Each structure stands twice: as C-alpha cells, then as structure tokens.
C-alpha cells in the first residue's frame, strides 16, 4: 500500500474524530437553551449540506430514498436517531470525558452482537479488549459509591444504538450506495427527533445559538464525510486508532471550556478504557503487518522461481 495514501487516510481519520468532538462540544454548549431533541434534529437538517460531496458520479439523489436493503435502512435510521438523541442528552448532563467513556463501550456491544447475530468468531484478544474497557467504565462510574442518573443511561443507550448501527451496516453488505447509507443517518434524527421535539421546541433566538446549532449539525456530517474518505485510503484497523483522540479533546474541553475538572479515579478509568481500545488495535495492526509480509514473501518467491520464456 502506498505510504502517502495511507498517511492521508490517517490524517482524514484524525480530522473526522476532531469534527465529531467539536460537534459534541457544541451540543453541550446548547444545554439549557434548547430541547435535546431539537438539537439532534438540527443535525439532520444541516447534514444535508454534505450530501453533494458524498454522492458518487454514478449515484442518483433518489438513492437516499431507495435503499438496497430496506429493513437494514430502517434499522440504521432508528439506531442513528436513538444514538444522536441519547448522546446529545448525555453530553448536556455529564462531563464530556465521563460521557465518552461510557460511549466507548460500543466495541463491547458490537462484539456481543457479532457473536449472537452474525455468528462471527471473536479472538481472545478482542474479548480481553472489551472486558478491560468494561472495567475501565466501572472505575469511572464507581457504582454504589456515587449516584448515577439520566446522563449515564443516555450515554449507555448511545453506545448500544451505535453498535446496532454497525451491525446493520454489516448485514446490508457492500452493495449499498453511499447516499443510501448516509441518508439513513439523516432521516433517523429528522423523523424521530422531529416528532419528539414538538412538545418543547421553540424557535432558536440569537446568532450565537444558531452558530452552535450549525456547528453541531454540520461538523457531525463533515466527520462522516471525512470518515468515508479515510476508509477508502487506509485499512479499518488504522482508521480506528484516531478514535481515541476524542478523549483528549473531551478532557481539554472539560477543563478549559466547561470548567469541569476530573478526579483521579475518573482519570484512571479513562486511561484503562483507552488502553482497552489500543490493545485491540495493536493486535489488528500486528495481524495486518503479518499478512502484508506474507504477501511480499509470496511475491518474491514467485519472482525467484519464474523461468522466462526463451522462445
């Protein structure tokens, strides 16, 4: 694989997770100003601005409404609706690192669903990673020693919903147009959050509020675009590593923007959660490098044993 191409994929992945992190900060800045469902609804509205950059030349805009696998389209839409609504509420109620540590449980739920629904084989390294991540979350939350509330439940719901969305992507296969995949992530929040916000929604007032809404919705969609571009340039195991840069963003925002310092136990739990993801990534990285090495050896062996045709 071309190293320049691989590096560009990694940089795009960093840009994607940076966009997601700043988008989450904007949603937290709107706490107390707007209903969480209204904020999540705006993500679908402003996300439409990204569609022209996602569409392939051979795709029609009608592909948004014409999914190859209708059932999986609906599942992804519902999962995205639940994930966006729950994550906005979680970030509004919790310090960002604490909410994010719970959302990092997504790999645990993906692993469980992969085994039960897809009947995939999961390595011992993967189980070690998800179990370590779960222990890290327990350190952060310390159940029985501190009160848990709606924010923690919402972060957990967001992790489960995102995991369901991942499984739906796998079940849909590789023949689904990109516009269809992206469309489900827009219409889920538009329909679900739009219906739930009616009871409490009001027209946003002030330029600052509109800027925060735009920042939340546009940057979340921009992150999706960067992620699609990254996965086209680098293997999935490389693209996944920058996800943990979100925790750095979350800690920085918590201290400097929201003035919510974290205690020692929370820091320890965050480190354990991050290490759990790193273990899985390192294992995938080693397997990937071994595969590339085997391919190089096989190619060299074929070249050495090739006898030219002397005519």
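Which condition from (1) assigned to a helix (DSSP H, G or I); (2) crowded, with 17+ Cβ neighbours inside 10 Å; (3) at pLDDT below 85 is the one that residue 98 breaks?
(3)
Among the residues that make up region 55-65, is at least one of them modelled with pLDDT of 85 or more, assigned to a helix (DSSP H, G or I) and within 21 Å of residue 167 (Cα to Cα)?
no
What pairs come out if I take residues in region 252-279 that are at negative phi and free of Cβ contacts under 8 Å to residues at least 60 places away in the same chain and pair them with residues that are assigned to a loop (DSSP other than H, G, I, E, B) and loosely packed, with under 15 Cβ neighbours inside 10 Å whose C-beta lies under 7 Å away, six or more apart or interchain?
As it stands, the answer is 255/261, since those pairs meet every condition given.
Any residue at all in region 34-42 that is surrounded by fewer than 21 Cβ atoms within 10 Å (Cβ to Cβ), assigned to a loop (DSSP other than H, G, I, E, B) and touching a residue at least 40 places away in the same chain (Cβ under 8 Å)?
Checking region 34-42: at least one residue is surrounded by fewer than 21 Cβ atoms within 10 Å (Cβ to Cβ), assigned to a loop (DSSP other than H, G, I, E, B) and touching a residue at least 40 places away in the same chain (Cβ under 8 Å).
Do we have any residue at all in region 45-60 that's without any contact (Cβ under 8 Å) to a residue 12 or more places away in the chain and either within 19 Å of residue 227 (Cβ to Cβ) or surrounded by 24 or more Cβ atoms within 10 Å (Cβ to Cβ) (or both)?
Checked against the condition, which is being without any contact (Cβ under 8 Å) to a residue 12 or more places away in the chain and either within 19 Å of residue 227 (Cβ to Cβ) or surrounded by 24 or more Cβ atoms within 10 Å (Cβ to Cβ) (or both), region 45-60 yields at least one hit.
Please tell me if residue 213 is in contact with a helix residue (DSSP H, G or I) (Cβ under 6 Å, 6 or more places away or on another chain), modelled with pLDDT of 85 or more and surrounded by fewer than 22 Cβ atoms within 10 Å (Cβ to Cβ).
no
Scan region 182-202 for residues that are touching a helix residue (DSSP H, G or I) at 6+ places or on another chain (Cβ under 6 Å) and not in a helix (DSSP H, G or I) and jot them down.
The answer is 201, and nothing else.
Which one of these is modelled with pLDDT of 85 or more, surrounded by 16 or more Cβ atoms within 10 Å (Cβ to Cβ) and over 19 Å from residue 262 (Cα atoms): 86, 155, 90?
Among 86, 155, 90, only 86 is modelled with pLDDT of 85 or more, surrounded by 16 or more Cβ atoms within 10 Å (Cβ to Cβ) and over 19 Å from residue 262 (Cα atoms).
Could you tell me which of the residues 207, 219, 171 is modelled with pLDDT of 90 or more and either over 20 Å from the mean Cα position of the chain (by Cα) or surrounded by fewer than 17 Cβ atoms within 10 Å (Cβ to Cβ) (or both)?
Numbers: 219 fails: either over 20 Å from the mean Cα position of the chain (by Cα) or surrounded by fewer than 17 Cβ atoms within 10 Å (Cβ to Cβ) (or both); 171 fails: modelled with pLDDT of 90 or more.
Only one candidate passes the filter, namely 207.
The values are calculated or read from the model by the stated rules, or taken from the named source; none is laboratory data. Since the model is a prediction, treat every value here as computed from it, not as a measurement. Here Cβ is always computed from backbone atoms with ideal geometry, including for glycine, and neighbour counts include all displayed protein chains.
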